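A.B. asks: Could you have a look at this structure, given as structure tokens, before my questions?
The values are calculated or read from the model by the stated rules, or taken from the named source; none is laboratory data. All values reported here derive from a predicted model rather than from experimental measurement. Backbone-built Cβ (ideal geometry, glycine too); neighbour counts: all protein chains shown. SASA here: full protein model, heavy atoms, side chains in, ligands and nucleic acids out. Shrake-Rupley method; radii C 1.70, N 1.55, O 1.52, S 1.80 Å.
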Amino acid sequence: MNTVITRFPPSPTGHLHVGGARTALFNWLYARHMHGRFVLRIEDTDTARSTDESVQAIFDALNWLGIDWDDGPYYQSRRLDIYREYLDKMIAADKAYYCTCSPEQIDEMRKKAMAAGEKPKYDGTCRNKGLSVTGHAAVRFKAPQSGTTVINDVIKGEISFQNDELDDFIIWRSDGMPTYNFVVVVDDITMGINTVIRGDDHVNNTPKQIQLYHALGADLPVFGHVPMVLGQDRTRLSKRHGAMAVTAYREMGYLPEALVNFLVRLGWSHGDQEFFTRKELIEYFTLENIGKSPGVFNQEKLLALNAEHIRNSTPQHLFPQLRPFLKARGLNGDDTLTPETEKLIEILSPRSKTLEELAENTRFFYEDTIQYEAKAARKFLKPVALEPLELVCRQLESLPDFEEKTLEDAFRAVMETSGLKLGKIAQPVRVALTGKTVSPGIFEVIALIGRSKTINRIQAAVDFIKRQPEKDTVR
RNA sequence: GUCCCCAUCGUCUAGUCUGGUCCAGGACACCGGCCUUUCACGCCGGCAACACCGGUUCGAAUCCGGUUGGGGACGCCA
């Protein structure tokens, strides 16, 4: 086979949503896997709904996901001359004709057909009128009225349609703009697209497009229709299913590689493997392993996958992406990764499912005043904790260094003098240092925040306990 | 309504083409346990599915037919 050329043709009428991103990913991955080319084309022939902001939003999302293109972006709105040329060919060859029926008349036809239990379609009123260019006429494709059109779908297999199901659809609007089915075919032909991977919702357009390829005397590309992504309620994904914009996931602290991994795994598989790096996806991705049935977008699985990707990342990789979350909380304004922050990310990443969570978890390091969680203080900052807290404090004051090993020895010493178990000592210290009952290892925390902060915080906790009225601490 | 597609645990899926190795495997979630100074991580275990009916066959999750269920499309949107 020649070089594989795939494409992604979003229409800029909103942000890039996860379903579209998955389609883009499949095309991109396949092109990369086959060492082919990937084309980006903006389908903006619907001038009423297309916006520049949407175009920018799509670029932004694609960039974030790491999807790059070899050719384009093309804008259909700038290719009108090409479409016009092909339209003229069609008319000259008597494969298309002008139609002056009004939308109201068409509506009437559709209603009648529906009522008669038939598929609503154009009745061909103008088909043989031989109308020529008039001021305000649409152009219809003279579709074959008998026979069968077969799609050889690489994903779904053979799909056939009776041609009498198809009607003379409009390829050029009366307002002077071409329509979807026509421009897609002209573009795919002129851009050399030979592999079309797209959503399931396009299968019904495919016979029309195949007829157009025939009318234009062009070779057919390989078609592959991927099943839809459904929401929890098993209907087609839409806004009411919650966050569906790709960039919304960035804002919630998801890693692009996690979203990519999740989206690709939704409908495609490689044996039992669940976790994939981008490199692996490119290496393993083939069309044969795309499933035929629609799948539900499962937020929980995506979250778990995100946690796994965070866990498997390095602080160097995480930091630039974490920075906006840190800054938003006023926690760290650094532009470069310091050794302390590196260590901090390292110990926090196994217990953070999103970057947002990770940023939240860094508070004990960047904020000097520790807010005790009510529950944590009630449970551990009690008079019984005074002794171990003060003993630990004394030990730390005289320690030669703050290596984790040294700290561990110091705690053991406190265990001996006090006769308390490590838990009784470590938990109050943990609350004193982080305000929570949950944190990374206590020695790691101490080593990280250093001698003076540790001592100050323990001291503050001691003061806190002493300030508590008797009745609150006794019960 | 008409046309098209789909059908394995709650969800994502392996297995289906090339019937037996599948009383169906993995993952998420959930429930136990271990590890541990806490929480995570990790590890061990558990729960849980071949939609239904009929046929072909020595044998069917796998092949065929029907039923049911779900999704999609029927625009001078893409």
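A.B. asks: Label-point separation (nm) for A:Arg110 and A:Leu422, each offset 7 Å from Cα along Cα-to-Cβ?
C.D. replies: That separation, rounded to one decimal, is 7.2 nm.
A.B. asks: Can you tally the net charge around A:His17? Count Lys and Arg as +1, Asp and Glu as -1, for every other residue whose Cβ sits under 14 Å from the Cβ of A:His17.
C.D. replies: In short, +3.
A.B. asks: Here's a follow-up. Quick one: what do you get for region A:309-452 if you divide its Cα Rg by 2.2 N^0.38 Å?
C.D. replies: 1.10
A.B. asks: Quote the accessible area belonging to A:Arg110 in square angstrom, nearest 10, computed with a 1.4 Å probe and with ligands, DNA and RNA left uncounted.
C.D. replies: Here the accessible area works out near 100 Å².
A.B. asks: If you don't mind, there's one more thing I want to ask. Output needed: Cys residues of chain A lacking any neighbouring Cys C-beta below 4.7 Å, sorted by number.
C.D. replies: A:Cys101, A:Cys393
A.B. asks: Here is a further query. By accessible area of protein heavy atoms, probe 1.4 Å, what ranking do A:His214, A:His270, A:His225 get, highest first?
C.D. replies: Per-residue accessible area, sorted high to low, gives A:His214, A:His270, A:His225.
A.B. asks: Quick check of the Kirkwood formula: for chain A, what is the inverse mean of 1/r over all pairs of different Cα atoms, in Å?
C.D. replies: One over the average 1/r among Cα pairs gives 27.0 Å for chain A.
A.B. asks: Give the angle, between 0 and 90 degrees and rounded to the nearest 10, that separates the Cα long axis of helix A:180-190 from the longest principal axis of the Cα atoms of chain A.
C.D. replies: So the inclination is approximately 90 degrees.
A.B. asks: Right, here's the next one. Helix-only estimate, please: 222 nm mean residue ellipticity of chain A, summing -39500 (n - 2.57) across DSSP H runs of length 4 or more and dividing by its residues, to the nearest 500.
C.D. replies: Details: 21 runs with 225 residues, N = 475.
That comes out to -14000 deg cm²/dmol.
A.B. asks: Please identify the longest segment of chain A free of exposed GluC sites (Glu not before Pro), where exposed means a DSSP state other than H, G, I, E or B and no more than 14 other Cβ atoms within 10 Å.
C.D. replies: Value returned for the longest uninterrupted segment is A:119-273.
A.B. asks: Multiply the residue separation of A:Asp200 and A:Ile82 by 0.36 nm, subtract the distance between their alpha-carbon atoms, and state the gained length in nm to one decimal.
C.D. replies: Details: separation 118, 0.36 × 118 = 42.48 nm, distance 2.81 nm.
That pair, A:Asp200 and A:Ile82, stretches by 39.7 nm at full extension.
A.B. asks: Could you let me know the centre-to-centre spacing of region A:96-139 and region A:58-93, using Cα atoms, in angstrom?
C.D. replies: Their Cα centres are 28 Å away from one another.
A.B. asks: Would you tally the net charge around A:Lys292, using a Cβ to Cβ cut-off of less than 12 Å, leaving A:Lys292 out, and scoring K and R as +1, D and E as -1? Write down the numbers at each step before the final one.
C.D. replies: Values: positive: A:Lys156; negative: A:Asp153, A:Asp200, A:Glu288.
Computed value for this residue: -2.
A.B. asks: Could I ask something else about it? Report the net charge of residues surrounding A:Glu257, where surrounding means a beta-carbon distance below 13 angstrom and charges are Lys +1, Arg +1, Asp -1, Glu -1. Working shown, then result.
C.D. replies: Details: positive: A:Arg250, A:Arg265, A:Arg278, A:Lys279, A:Arg311; negative: A:Glu280, A:Glu308.
So the surrounding residues net to +3.
A.B. asks: If you look at just the Cα atoms of region A:386-475, how large are its Rg and its Dmax in Å?
C.D. replies: 12.7, 40
A.B. asks: Can I ask one more? For region A:236-300 and region A:356-417, what is the separation of their Cα centres, given in Å?
C.D. replies: Taking the Cα centre of each part, region A:236-300 and region A:356-417 sit 42 Å apart.
A.B. asks: Just to make sure I understand: if all protein chains stay in place, what is the order of A:Val4, A:Val150 by accessible area at 1.4 Å, largest first?
C.D. replies: A:Val150, A:Val4
A.B. asks: Note the angle between two axes, namely the Cα long axis of helix A:103-115 and the longest principal axis of the Cα atoms of chain A, as a number of degrees from 0 to 90, rounded to the nearest 10.
C.D. replies: Computed tilt is about 80 degrees.
A.B. asks: Normalised by the number of residues in region A:368-475, what is the relative contact order in percent for Cα pairs under 8 Å and 6+ residues apart? Intermediate results must be reported in sequence, preceding the final value.
C.D. replies: On the way: 107 pairs, mean separation 43.2, N = 108.
Normalised by residue count, the contact order of region A:368-475 is 40 percent.
A.B. asks: Let me check something: with ligands and nucleic acids excluded, how do A:Asp52, A:Asp88 order by accessible area (1.4 Å probe), largest to smallest? Don't jump to the answer; show the numbers that get you there.
C.D. replies: On the way: A:Asp52 115, A:Asp88 80 Å².
Correct descending sequence by accessible area is A:Asp52, A:Asp88.
A.B. asks: I've got another one for you. Relative contact order for region A:239-311 using alpha-carbon pairs under 8 Å, separation at least 6, rounded to a whole percent?
C.D. replies: Relative contact order comes out at 41 percent.
A.B. asks: Also, quick follow-up: Contact order normalised by length for chain A, with contacts defined as Cα pairs under 8 Å and 6 or more residues apart; what percent is it?
C.D. replies: Values: 686 pairs, mean separation 56.3, N = 475.
Across chain A, relative contact order equals 12 percent.
A.B. asks: Which trypsin sites (Lys or Arg not before Pro) does region A:230-334 hold that lie in a coil by DSSP with at most 10 other beta carbons within 10 Å? Please report the intermediate quantities before stating the final value.
C.D. replies: Details: sites: A:Arg234, A:Arg236, A:Lys239, A:Arg240, A:Arg250, A:Arg265, A:Arg278, A:Lys279, A:Lys292, A:Lys301, A:Arg311, A:Lys327, A:Arg329; in loops: A:Arg234, A:Lys292, A:Arg329.
Here the trypsin sites (Lys or Arg not before Pro) that fit, given the DSSP loop and packing criteria, are A:Arg234.
A.B. asks: Sticking with this one: For region A:80-226, compute Rh as the Kirkwood radius over C-alpha pairs and then the Stokes-Einstein diffusion coefficient at 4 °C and 1.567 mPa s; write the answer in µm²/s, rounded to an integer.
C.D. replies: 81
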